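Just so it is clear, none of the values below were taken in a lab; they were calculated from the coordinates. If you're wondering where the values come from, they're calculated on a predicted model, not measured in any experiment. Cβ: placed from backbone, ideal geometry, glycine included. Neighbour counts: every protein chain shown.
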Ligand code: 7TS
């Protein structure tokens with residue numbers, strides 16, 4: 001059992017007010033709030049350890065390097081990767097996907113090759129592939145979905161051809177909440193001899209992810225969505241692939257030797273980590289992962305499921321309510337529209353009542369086109385949210401509805 005009252009005291013921001021109303025923070029899909037241990041880790045490391053990593057013989061540099069590299073081990077353990085050499089620190093999911101699109105595209109893609117994505121991808125898992133398409137003449141194939149927001153797996157299977165080089169799909173949709181059957185989808189890709197990248201931005205914070213169990217070839221996520229700091233993210237990649245990929249950026253750290261005639265690249269994972277890494281951020285991310293591990297990802301998933309089920313039931317009682325995304329398996333995201341109230345108006349008025357939700361296309365414009373809508377209102381929950389907060393949102397939506 002999760003002790004929510006106690007947990008909430010770890011997140012000072014949750015007790016603040018906006019417009020004189022208690023804050024109800026339901027924009028966790030965009031970013032999560034930070035527990036004290038994460039914020040304190042940032043200050044502590046700057047105050048007492050700060051020195052650049054990997055390059056100093058002196059005490060502080062060695063201590064900073066140890067913290068940074070032990071954070072890599074914490075991440076490895078958290079997603080159950082085989083080796084720390086398979087954990088690449090990036091700025092976030094977006095950079096992780098761009099890294100892969102650039103390096104994988106360079107190594108393995110040429111004119112006429114195909115990449116499979118899905119209709120429910122975030123722009124960060126669309127645009128990097130479109131840029132690769134423009135550079136290399138690669139074609140994108142898109143997995144369609146049904147009206148409930150579930151990917152059509154038969155159609156998926158039929159998209160494979162001799163030319164397919166990679167599948168890149170999201171684990172959990174940031175708009176629909178759909179939890180895609182990625183283990184099965186990866187197995188399908190492998191049956192066609194194709195590797196798969198999973199966008200884990202919306203899954204890692206909410207469900208236990210085991211990259212070996214999924215057999216994912218690549219897996220990307222962001223620190224700031226899992227209670228860690230902004231500016232740090234992860235790209236997991238199987239060593240057998242990372243070994244074959246060229247570096248993404250050039251500079252310090254990613255080299256073994258440099259002369260004007262020839263440069264020898266560093267070993268994994270440093271080959272992909274040019275420049276000074278956000279070592280303060282990686283320590284704080286490890287603190288966040290330790291924090292959620294102590295609560296337990298299974299308890300978190302169970303509690304958030306309970307919250308989402310409760311919210312869905314309560315929202316359905318509102319007249320004119322339309323929930324967008326009714327997949328059988330859903331994470332803690334609910335998108336909705338009420339009557340013909342514009343999402344922006346709903347979001348703005350809810351904000352005045354202290355309720356922070358997201359509105360708009362959620363960086364998934366192709367999905368909006370598929371749904372035939374401009375945008376949605378989205379409430380996304382974290383384990384520090386409560387049923388009382390959901391009640392407040394439902395009451396507030398009723399108030400807004402009556403104004404129209
Ligand atoms: N992939 C998915 C599925 C996402 O939801 C997001 C961010 C990203 C990638 C990009 O993550 P970043 O950390 O690199 O920016 N999603 C959202 C959202 O739903 N609202 O704000 C950001």
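Taking the centroid of alpha carbons for each part, region 41-116 and region 204-236 are 12 Å apart. Each Cα pair under 8 Å and six or more residues apart adds its separation to the average, and for region 39-293 the resulting relative contact order is 25 percent. Summed over qualifying helices (DSSP H, 4 residues or more, each -39500 (n - 2.57)) and divided by its residue number, the chain shows a 222 nm mean residue ellipticity of -12000 deg cm²/dmol. Only Cα pairs under 8 Å and 6+ residues apart enter the sum, and on that basis the relative contact order of region 119-241 stands at 18 percent. On a 0 to 90 degree scale, rounded to 10, what angle separates helix 387-403 from the longest Cα axis of the chain? Value to nearest ten degrees: 60.
When its C-alpha radius of gyration is set against 2.2 N^0.38 Å (N residues), the chain gives a value of 1.01. Short-range pairs are left out: with C-alpha atoms under 8 Å and at least six residues apart, the relative contact order of region 173-248 is 24 percent. Among rounded, prolate and oblate, which fits region 249-353 when a ≥ b ≥ c are the square roots of the eigenvalues of its C-alpha gyration tensor, a/c under 1.5 means rounded, and a/b larger than b/c means prolate? Prolate. In whole angstrom, note down how far apart the Cα centers of region 338-404 and region 164-201 are. Using only Cα atoms to place each centre, the spacing works out to 28 Å. Going from the residue with the fewest nearby Cβ atoms within 10 Å to the one with the most, 147, 217 rank 147, 217. To the nearest ten degrees, helix 182-191 and the longest principal axis of the Cα atoms of the chain are 40 degrees apart. Ranked for footprinting exposure by Cβ neighbours inside 10 Å, fewest first, 263, 74 give 263, 74.
Each DSSP beta bridge with both residues in region 39-293 is either parallel or antiparallel, and the antiparallel ones are about 50%. Computed from Cα positions, the angle between helix 127-136 and the longest principal axis of the chain comes to roughly 40 degrees. This ranking places 11, 404 by how few other beta-carbon atoms lie within 10 Å of each, fewest first, which gives 404, 11.
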